[in-house]
Structure formats: structure tokens, C-alpha cells
Amino acid sequence: MTTAAYTYTPVTGLEGDAPLPDHFLPYKSLKSLPEIWPLLAQRHGDVVALDAPYEEPATRITYSELYQRIQRFAAGLQALGVSAGDRVALFADNSPRWLIADQGSMMAGAINVVRSGTADPQELLYILRDSGSTVLLVENLATLQKLQAGLEETMVKTVVLLSAEAPELESFSLRLLNFGQVFNEGQYGTVRAVAIAPSDLATLMYTSGTTGQPKGVMVTHGGLLSQILNLWAIVQPNVGDRTLSILPIWHAYERVAEYFLFAAGCTQTYTNLRHFKTDLKRCKPQYMIAVPRIWEGFYEGVQKQLRDAPASKRRLAQFFLSVGRQYVLQRRLLTGLSLTNPDPSSWEKFVARVQTTLLNPLYTLGEKRVYSKVREATGGEIKQIISGGGALAPHLDTFYEVIGLEVLVGYGLTETAVVLTARRYWRNLRGSAGRPIPDTAIKIVHPETKEPVAFGQKGLVLAKGPQVMRGYYNKPEATAKVLDSEGWFDTGDLGYLTPAGDLVLTGRQKDTIVLSNGENIEPQPIEDACVRSPYIDQIMLVGQDQKALGALIVPNLEALEQWAAAKGYRLDVPNRPTPEGGGEWVTLESKAIQDLYRQELLREVQNRPGYRPDDRIATFRFVLEPFTIENGLLTQTLKIRRHVVSDRYRDMINGMFE
């Protein structure tokens, strides 16, 4: 069989994908991303583009105003000497000024270099040196002060504070301005036209990654424009639809999603973890872009409410959630959307039809009594949720299907800026990463020989399309390792293609744990299964070169305390309030607690589809400090930084296997 037989290569879109609307057609002739703003200002000038309620002062900007500010900032940068091809670093976080600086620097002809202002100072200085940036746009004076000592080793000549602070810093020899002064520079000027081709670099996005030194991903204007055009196949927002933004704006996933939503004329509200729940109800978004951890948090919040509810109410909700789960699993069989049974027999379809018919009245009642009330916590108007940046655990996929929230999982990497595949609402195959978006090809190859494999066979995922990076900046050897002469990009992910062309991811090649018996274990699916337990908040598998798997577990102490109280125990945990009442004292090392977690791990792992004996977790240790961005154990998209966790808890991990 030829290579093409193993390659799913949609070129002009998939049957069922929505055609581009009239107001998107002009985007097909654009050569650079900033050319989109005058079109938006002309077409949707009075529509609110950005709502930033937590800015000082609170900010609401229409599309007309946004274009004017981007244009003025671009003119200001040009007046300061920025010209085509200059690298302009942008180290800051979510705010309207970030977007204005981002698009203003591109409009001025620069290649911007983006990263969070809260990143490690040494990492930021490395990025400045590696990129050769001559201008630095930075969050505020506090961020600049962290970098000040190392700036002399870079090529930076001009620094702009995105804040309104006075641009004064002791012993600072570089030119220093604030946001308002750049605006004043551009007040009476016009932006000089810059000849930009679609193949020209728009931005360098440095990988935060989970391992190694960050690399500058070279993304072109054409690549970003292709995403704006092709993401219409996934969602079709109306002008003025509301979206709630919680992810870091500089991250590839959020950044490209925002460009697309702006292109559709949506109104975006910036929120944060502190205000997220309140803003869901206040903003009432129609679309939400986030990572699995956000949806895990929402699910855990629902579970907490159930634990705290009166027994009768809790039992009623659990009953309807159980009924809903049975109903949607059978419905998947009938509609051909069951990943575990893609080709059911006539008898299985008959049984599924009977069960859905019998369960339908209860499911309808559950909608009135439970599911709709859960959706109210999201504002009650969500059309679709887009989840990316990692796999969504199967129990979460099922939960959101039960309560009637359409979750469309997408897949991509910084190096593919960003979306390669995504589920469509008309073919939402839960458990998959969906089909390739238009103009994008996916193929699966043997990890070692790189020969294509058959549909349904697991292998290494390769991707090709206009959104794929040009390479890593100044790193030809690293580029050659992942990008071949034909343009195929090695994602480093493992998975397979269904006969219908849906991509199913099974793990990361570099995350694979190899046991001493030679068995390869993909940790993510097993971890996803384990966090179904109400007593496990976070988990990371370990066990490289060991006889069996082990795990580091961040326990859900609140749920555990409730379990202990129900059993007549008093749980003794450092830095936690002393439980009231009597009863035997237990610690996390007590037999009762250890037995509970062994049972939880065994049940969840064995109930996972595709379970095999080597998946069993033989030993574990508790970690009381959660994995967070702040302590360096999570990436900005809330993925576990496995090598950092392993280094920090090396002695504990070694102790598991002694």
C-alpha cells in the first residue's frame, strides 16, 4: 500500500465544514496579520472588541478604537527607530496594552518576541540574547528591575514600560519610555507602509516546554492568517458574541484563538483565576477557550458542591448524572461516535436503541432537575467550549456531554502555531483530537523507521500545513531533527488515525516510561483515569527502568477529611486545622489512608479502557504542595513539568523503589 493510503490529507476542507462567510473572504487576500484591523474597524467599528474590567481603570475598547490605538503605537515605534525585520521583545501578560503592543510592533514591520513577564529572569535574558532583540516592551518597572543587571549583555537599546509609571530607574543607561510616551511619539505621525510577504516572520514564540532550554519558534504572517481562515471549520461565531479569556495571551494557543475571534468580530473579556467563576455568570460567554485543567477545576467544583449538599439532594444529582452517563454512552453507539466501539454489531445497536428509548424520559427529567442548573454556573449561554493544550480526561468528556456543554477538543503545538486537528460539533468523537483542519495533513509513522503505518495502528504523529513553523530561530540542527525536507513536522506525540480520519493521541514519545521488562507506558491516560478519584487532586507517574509504576500524589485534603470524619477518624495533616470531635487519629501514612488510596488507584486504573497489568501502580507517595505555575511545577498551560517534579522529589521517588 502506498504512503498516501496512510495519510489523511484534507486540502479544501471536510464535508460538513462550514464555508467561509462573506466577511471572512477579504482575509484570503491579506499578506500580513495587521492588515485585518482596518477591515474590522470599517465593518464592526462600534462593536466592543475588548473588555478588561480589572485594568486600572477598567477598559472597554471598540474595534474602531482598537485599530486607532494599534496604528498610533506602530507609528510611535517607527518614530523611535523601529524598522522592518527588527526584533521587538514583548515580556508582559494579559491586558489590552499587550494586544496593542503586539499588533503595533507587527504593523511597524517588526518581528515580535513574546514571553510572560513573570517568567524566570534568566530565561528572559536568554531570549533577549538569542533573538537579538533591540527593543524591549516590558510589563512594568518591577519586571524591568529583575532584568536590569543582565541587559548590558543583550542588544537592547530601548525599553518601553507598558505601564503608566514614570520612566525613571537609577543607574539605567538605556533609553527608557512608558506606554503613553510611545503614544505621544505616534500622535501626529502615520505608519510608514512596510512591504510584508506571507512568508515573512511575524513572531518568535519561545517554547516554555517541559524540558530543556526554550527555543524560538519562527511563525510567519501566512501561517497566522491560515489559522484565521481555517478555524472557521471548527466554530462559527456571530459578530458580537461574547468570549471569556483566561489563558496567557502570549501563549500560542490563546494568541491564535484570540486573533480568530477578533477576526469574527467577537467581544473578548479578560478574566483571571480569582474572578473566573464570577465572570462566567457576569459575562455569560458564548465561547470559552481554555486548557483541561480549567475544565477539571469546574468539574471538581461541582463535585464539591455535591459533597456539601444534603444527602437527599446529593443522591438525586448523582442518580441523574449516572443515568446521563449511561444514556450518552449508548447514544454514541447509535450515532457512530463511540471510540471504544466504532463498528457496533446490529445486536449492539438494537440494545443501544432500546436503552436510549428507556432512558430518554429520565435524561429529559435530569435536564430539568440537574444538568441545566450545572450549566447556569457557566452563565447559561455557552454554545461551544474549545479545549486544547493537552488531553481531556475521558470522565470529563463524558461529564460535559451529559450536562449538555459541547466541548470541542483541538490539538496542536507552539511549533504549528497552533491548531492541527479539532473536533467539530457535527462529529464530536469524544476521546479523539478530531480531524485535521483544512489545508492540514496528518500521518502516522513508525517511531524508529519513520515508515507510515496503517489506520488504527499507533505510531508517531507527523503534521504538514501552512501553520507549521519555518524552524527554530538560530538552531538549524534542532530544526533538522523535527522538520524534514518535505515539510513534515515531527510532533513528538504518539497516536493513531481512525478509518474516518480522526486523530487519537495516546501519549508523548519523550514522556514514555519504560519499565525494566521493556514495556512502554504512556503516563497521561493513566493519570487522567486516576484523577477521577475524589481523593486525588494531581498525580504524576514515575518508574523509568523499574519493575512497576509508582506515583506522586497531591491529595484532595478536603475530600479526604470528609471521608475520615465519616469513618470516625480524625485526620492529622501538617498545617491543617485540627478536626473537631473524637475518634482515632490517622495520618497520610496510616494503614487506613494507604488502603483507601490503593483501592482508588486500583479501581480507576482497572476501569480504564485498554487496561493491562503493567498499568498497575504498585507504590505511591504523597506530596502536600500542589503542582502550580508559581512553584515551577506546571507550565503556563498547566501541564506538569515532569523533569522538574522528578528533580525536586528525586529522593522521594528513589525511596519508592528501594
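The values are calculated or read from the model by the stated rules, or taken from the named source; none is laboratory data. All figures in this text were calculated on a predicted structure; none of them were measured in a lab. Note that each Cβ is placed from the backbone with ideal geometry, even for glycine, and that neighbours are counted across all protein chains shown. Keep in mind that these areas ignore ligands, DNA and RNA; they rest on the heavy atoms of the full protein, side chains included. Shrake-Rupley method; radii C 1.70, N 1.55, O 1.52, S 1.80 Å.
Run the quick spin-label model on Glu381 and Thr340: label points 7 Å from Cα toward the beta carbon, then report their separation in nm to one decimal.
3.7 nm
For q = 0.12, 0.16, 0.20 Å⁻¹, what log10 I(q)/I(0) does region 400-551 give under the Debye formula with an equal point scatterer on each alpha carbon and no solvent?
Debye intensities relative to I(0), on a log10 scale: -0.61, -1.01, -1.30.
Indicate, rounded to the nearest 5 percent, the antiparallel portion of the DSSP beta bridges found entirely in the chain.
If I count the DSSP bridges inside the chain, around 50 percent turn out antiparallel.
Can you give the accessible area of Lys639 in Å² (nearest 10), computed on protein heavy atoms with a 1.4 Å probe?
90 Å²
Please quote Rg/Rh for region 287-334 to two decimal places, taking the Kirkwood radius as Rh and restricting both calculations to Cα atoms.
Rounded to two decimals, Rg/Rh equals 1.09.
Could you tell me the convex hull volume per residue, in Å³, taken over the Cα atoms of region 412-468?
That works out to 98 Å³ per residue.
Going 7 Å from the Cα of Gln213 along its beta-carbon direction, which residues of region 142-162 have the amide nitrogen within less than 19 Å of the resulting point?
Of the residues in region 142-162, 150-156 have backbone N under 19 Å from the label point off Gln213.
From zero up to wherever the largest Cα-Cα distance of the chain sits, split into 10 Å bins and tell me the percent of pairs in each.
Percent of Cα pairs in each bin: 3, 14, 24, 26, 19, 10, 3, 0, 0.
At a Förster radius of 60 Å, what calculated FRET efficiency corresponds to the Cβ-Cβ distance of Trp585 and Gln145, to the nearest 0.05?
Calculated transfer efficiency: 0.80.
Taking the highest mean first, how do the peptides 201-207, 92-98, 496-502 order by number of other beta carbon atoms within 10 angstrom per residue?
Packing order, densest peptide first, comes out as 201-207, 92-98, 496-502.
Take the alpha carbon gyration tensor of region 211-279, find the square roots of its eigenvalues, order them as a ≥ b ≥ c, and report rounded if a/c is under 1.5; if not, report prolate when a/b exceeds b/c, else oblate.
Since a/c reaches 1.5 but b/c is at least a/b, the shape of region 211-279 is classed as oblate.
Obtain the nm distance between the two label points defined at Leu365 and Arg315 by a simple spin-label model: each point lies 7 Å from its Cα along the Cα-to-C-beta direction.
Placing both labels 7 Å along Cα→Cβ, they lie 1.5 nm apart.
Only Lys, Arg, Asp and Glu count, each charged at its Cβ (+1, +1, -1, -1), so figure out the dipole size of the chain about its Cα centre, rounded to 20 debye.
Taking the Cα centre of the chain as origin, the dipole is about 1600 debye.
Below 11 angstrom from the Cβ of Asp241, what's the summed charge of the other residues (Lys, Arg +1; Asp, Glu -1)?
+2
Pulled fully out, how much extra length does the chain show between Met652 and Lys510, if you take 0.36 nm times their separation in residues and subtract their Cα-Cα distance?
Difference between extended and current length: 48.9 nm.
Could you sort 47-57, 254-264 so that the peptide with the highest average Cβ count within 10 Å comes first and the rest follow in order?
Per-residue Cβ counts within 10 Å, averaged per peptide and sorted highest first, yield 254-264, 47-57.
Against the 2.2 N^0.38 Å scaling, with N counting residues, where does region 361-453 land? I'd like the Cα-based Rg ratio to two decimal places.
That ratio works out to 1.36.
Let me cross-check Thr364: its accessible surface, 1.4 Å probe, with only protein heavy atoms counted, in Å² to the nearest 10?
70 Å²
How big is the convex hull of the Cα atoms of region 540-658, per residue, in Å³?
Cα convex hull per residue, to the nearest whole number: 134 Å³.
Subtract the Cα-Cα distance of Ser173 and Asn238 from 0.36 nm times their separation in residues, and report this length gain in nm to one decimal.
18.5 nm
As an exercise, find the ratio Rg/Rh for region 156-239 from alpha-carbon atoms, using the Kirkwood inverse-distance average for Rh.
1.09
Bin by bin, in steps of 5 Å, what percent of the Cα pairs in region 462-568 do you find, going until the bin that has the longest distance?
Per 5 Å bin, starting at 0, the Cα pair percentages come out as 2, 10, 13, 13, 13, 13, 13, 10, 5, 3, 2, 2, 0, 0.
Roughly what would the spin-label model give for Phe350 and Arg570, points 7 Å off Cα along C-beta, in nm?
6.2 nm
Under a Cβ-only charge scheme (Lys and Arg +1, Asp and Glu -1), can you give me the dipole magnitude of region 402-561 about the Cα centre, in debye to the nearest 20?
Value, rounded to 20: 520 debye.
With n ≥ 4 as the cut-off for DSSP H runs, can you work out [θ] at 222 nm for the chain, using -39500 (n - 2.57) per run divided by the number of residues, rounded to the nearest 500?
That calculation yields -10500 deg cm²/dmol at 222 nm.
Need the full-extension length gain, Arg43 to Ala193, defined as separation in residues times 0.36 nm minus the C-alpha distance. One decimal, nm.
Here the answer is 51.8 nm.
Spelling out what I want: for every residue of region 451-463, take phi, set θ = phi - 60°, compute 6.51 cos²θ - 1.76 cosθ + 1.60 (Karplus), and round to whole Hz; glycine and proline get x.
Result, ordered by residue: 7, x, 10, 6, 4, x, 8, 6, x, 8, 8, 10, 9 Hz.
What percent does the relative contact order of the chain come to when contacts are Cα pairs within less than 8 Å and at least six residues apart?
12 percent
Considering only the other residues whose Cβ falls under 15 Å of the Cβ of Ala592, what net charge follows from Lys and Arg at +1 and Asp and Glu at -1?
Charge balance near Ala592 sits at -2.
Once the whole set of protein chains is in place, how much accessible area is left on Tyr472, using a 1.4 Å probe, in Å² to the nearest 10?
Roughly 10 Å² of Tyr472 is accessible to a 1.4 Å probe.
Please turn the phi angles of region 341-348 into ³J(HN,Hα) values with the Karplus equation 6.51 cos²θ - 1.76 cosθ + 1.60 (θ = phi - 60°), one per residue in order, whole Hz, x for glycine and proline.
9, x, 10, x, 6, 4, 5, 4
Please compute, for the alpha-carbon atoms of region 255-397, the extent along each of the three principal axes and give them in descending order in Å.
If we take the Cα atoms of region 255-397, the spans are 49, 40, 24 Å.
Given a Förster distance of 25 Å, report the FRET efficiency between Arg307 and Arg282 from their Cβ-Cβ distance, rounded to the nearest 0.05.
0.45
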